[in-house]
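One structure is given here, and the rest of the page talks about it.
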Amino acid sequence: MTLDHLPRVRLAHLPTPLEPLERLSAALAGPEGGPEIWIKRDDCTGLATGGNKARKLEYLMGAALERGAEAVATQGAVQSNHARQTAAAAARLGLECHVLLENRTGFTDGDYNENGNVLLDRLCGATVHRCPPRDDMEAALAELVAGLPGGADRVYAIPGGGSNAIGACGYAHAATELVEQAEAGGLGIDAIVLASGSAGTHSGMVTGLLGAGSNIPVYGVSVRAESAPQETKVLDLARETAAHIGLPASVGAADIRVDDRFVGPGYGIPADSTLEAVRTMAELEGILLDPVYTGKAFAGLLGLVREGAFRAGQRVVFLHTGGSSALFAYHGWFGEKRAMAA
Ligand SMILES: *Cc1c(COP(=O)(O)O)cnc(C)c1O
C-alpha cells in the first residue's frame, strides 16, 4: 500500500514514539503475570498540544490547498480537539479558520465553555461560532460556510473529527508507521486498543493494517454510540478509505470490533471508570489522558485486561490519541479520590 499519490502537507511530528508502560503493566499483572502494555504516543504529534487530528489534517489540508482554499471551517463539540488542531494547522498554513462548536453536553460552566480547547482555538486565531445541539451538524457547517464571504468556493469544509476518506488516510499512514516501528524493534503486537468516535482513526487504522499485510486485531472503544451502529460507521468509512487510497480490497465486518461498555452517561460526560483511567495513567506513568476520549478508551483497555482478554506476555498497544488540553475544562471532575486501588 502506498499513500504517496495523495496530496499531503507535513504538519505532525512523526513518527510518534512507541513506548512500554512498565509500571502500569506491573500493576495490572496477576500472580501468573499479565500482558505487556505499550503506548503509541499520538498525543505527541504537535499542533497546539498534539493529538490524532494532526495526522488527518495532513491529508485534509493537503486537499484544501490543492483546491486553492483561502479558509477552512469545521465543527465539533465545545471541547473539540479537532477544532483546536484545525485552528493550529490553519494558523501554520496562513489560512483563515472558522470553528462551529455545538454544546452537546449542556454544560454551562465557564471552564467548559471558555477554557481548555476553546482558549486554544482563540489563541490560534480561529473565529468561534456556537450552536445548540443539532441532529445534523454537517448541515449546520454547510450553512455556516455558505454564509461566509466567497462561500464554499473560498472556504474548505472539513467534517467533524476530520473523519472522511481523506482524513482517515492519516491513520492508514499511522498503521504503516506502527507496523514498521514494531518490525524495526522486533516487537510482535497482539492487539491495538483505541477510542472510536467520528471513526476516522479506527477506520484508517484497520484499513492501513490490511494494506500493510498485518492482521493485528483492533479493539475500538466507543465514546458515544452503541456498538452496532458504530461498527457500521467504521466499516462504511473503512470501505470508502480503501477506495480512496486505491486498495484492491477492504476490511470485512469481522475485522471491526466496538465495545460500548465504557461510554458512561454520554458523549463528553466522564464515567467513574473514565476518571479512574485518567488518574491511573497519570499516577503510574506521568502521562495525561483526557476525560472525553482516551479516558474512556483506556478504561476499556483496563476492563479487557481485568476480564482476561489478553494472555500473560501478550503485547497490547494503546493508541494515545491526545486530548489532554480538555482536562483544564473538566478540572471540577477530578477530586481527591485516588487511582486504581493498589
Ligand atoms: C477525535 C478524538 C478521538 C476519536 O477519533 P475519531 O477519529 O473521531 O474516532 C480520540 N481521541 C481524541 C483525543 C480525539 O480528539
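The values are calculated or read from the model by the stated rules, or taken from the named source; none is laboratory data. All values reported here derive from a predicted model rather than from experimental measurement. Heads up, the Cβs are rebuilt from the backbone with ideal geometry, glycines too, and the neighbour counts pull from every protein chain shown. Only protein heavy atoms, including side chains, enter the accessible area calculation; ligands, DNA and RNA are left aside. Shrake-Rupley method; radii C 1.70, N 1.55, O 1.52, S 1.80 Å.
Quick look at the values:
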| read-out | value |
| --- | --- |
| Nitroxide proxy distance, nm - points 7 Å out along Cα→Cβ at ARG23 and ASP4 | 4.3 |
| Most to least packed among 316-323, 158-165, 48-55, 31-38 [average Cβ atoms within 10 Å] | 48-55, 316-323, 158-165, 31-38 |
| Most mobile listed residue (ALA282, ALA73, ALA195) in the chain, GNM with C-alpha springs under 10 Å | ALA282 |
| Solvent-accessible heavy-atom area per residue, rounded to whole Å², over the chain at 1.4 Å | 39 |
| Cβ-placed point charges (K, R +1; D, E -1), dipole of the stretch 250-320 about Cα centre in debye, nearest 20 | 200 |
| Leading residue at positive end of dipole, the chain (Cβ point charges), from ALA195, CYS131, LEU209 | CYS131 |
| Qualifying chymotrypsin sites (Phe, Trp or Tyr not before Pro) in the stretch 259-299, DSSP loop, other Cβ atoms within 10 Å at most 15 | none |
| Nearby aspartates and glutamates by direct alpha-carbon distance to LYS40 (threshold 16 angstrom, same-chain neighbours under 8 apart not counted) | GLU19, GLU22, GLU177, GLU180, GLU183, ASP190, GLU285, ASP290 |
| Cα gyration tensor of the chain - equivalent ellipsoid semi-axes, whole Å, descending | 31, 24, 17 |
| Within the accessible area of the chain (1.4 Å probe), percent carbon and sulfur | 52 |
| Extension gain from GLU180 to ARG311, taking 0.36 nm per residue of separation minus the Cα-Cα distance | 44.8 nm |
| Shape parameters for the stretch 53-162, alpha-carbon atoms, Rg then Dmax in Å | 12.9, 40 |
| The chain, dipole about Cα centre (Lys/Arg Cβ +1, Asp/Glu Cβ -1), debye to the nearest 20 | 200 |
| FRET efficiency, 1/(1 + (r/R0)^6) with R0 35 Å, evaluated for ALA282 and GLU138 via beta carbons | 0.50 |
| Highest average packing first - 306-314, 95-103, 249-257, Cβ atoms within 10 Å | 95-103, 249-257, 306-314 |
| Residue-span extension gain [SER214 to ARG130] - 0.36 nm each, minus C-alpha spacing | 26.0 nm |
